[in-house]
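Everything on this sheet refers to the single structure shown next.
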């Protein structure tokens with residue numbers, strides 16, 4: 001029996017799987033965080049959520065960003081604020097922590113799916 005292994009092909013499959021997995025995982029965190037995001041008067045904060053996939057060569061990163069509003073960081077960090085219309089502080093951090101195992105499994109599944 002002969003095993004013919006092309007390292008560059010395996011490397012590319014891992015990188016591509018990781019990129020797809022990180023994007024899928026970020027979508028899970030985005031959905032979970034939007035549900036926890038303070039509604040406020042307009043709902044603009046919830047609507048500003050977006051998945052940011054980034055791949056540069058063999059470096060794969062991604063995340064969720066809330067964009068364009070000056071009060072985003074304060075809204076996330078201020079644990080003493082009331083949110084009578086729904087939501088909470090630490091909405092993004094909570095979504096990440098609550099879904100950590102699911103996110104890891106999604107990434108593993110995407111990497112393994114390339115083989």
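Read the figures in this text as sums done on the coordinates, not as results from a lab. Note that this is a predicted model, so its numbers are computed, not measured. No Cβ is skipped: glycine too gets one built from the backbone with ideal geometry, and neighbour counts run over all protein chains shown.
List of remarks:
- Applying the set (1) without any contact (Cβ under 8 Å) to a residue 24 or more places away in the chain; (2) under 27 Å from residue 109 (Cα atoms); (3) surrounded by 12 or more Cβ atoms within 10 Å (Cβ to Cβ); (4) out of contact with any strand residue (DSSP E or B) (no Cβ under 9 Å at 6 or more places or on another chain) to residue 59 leaves exactly one unmet item: (3).
- Filter result (surrounded by 12 or more Cβ atoms within 10 Å (Cβ to Cβ) and out of contact with any helix residue (DSSP H, G or I) (no Cβ under 8 Å at 6 or more places or on another chain)) within the stretch 78-96: 78, 83, 86
- Single condition residue 102 does not satisfy, out of (1) more than 13 Å from residue 25 (Cβ to Cβ); (2) surrounded by fewer than 14 Cβ atoms within 10 Å (Cβ to Cβ); (3) touching a residue at least 40 places away in the same chain (Cβ under 8 Å): (1)
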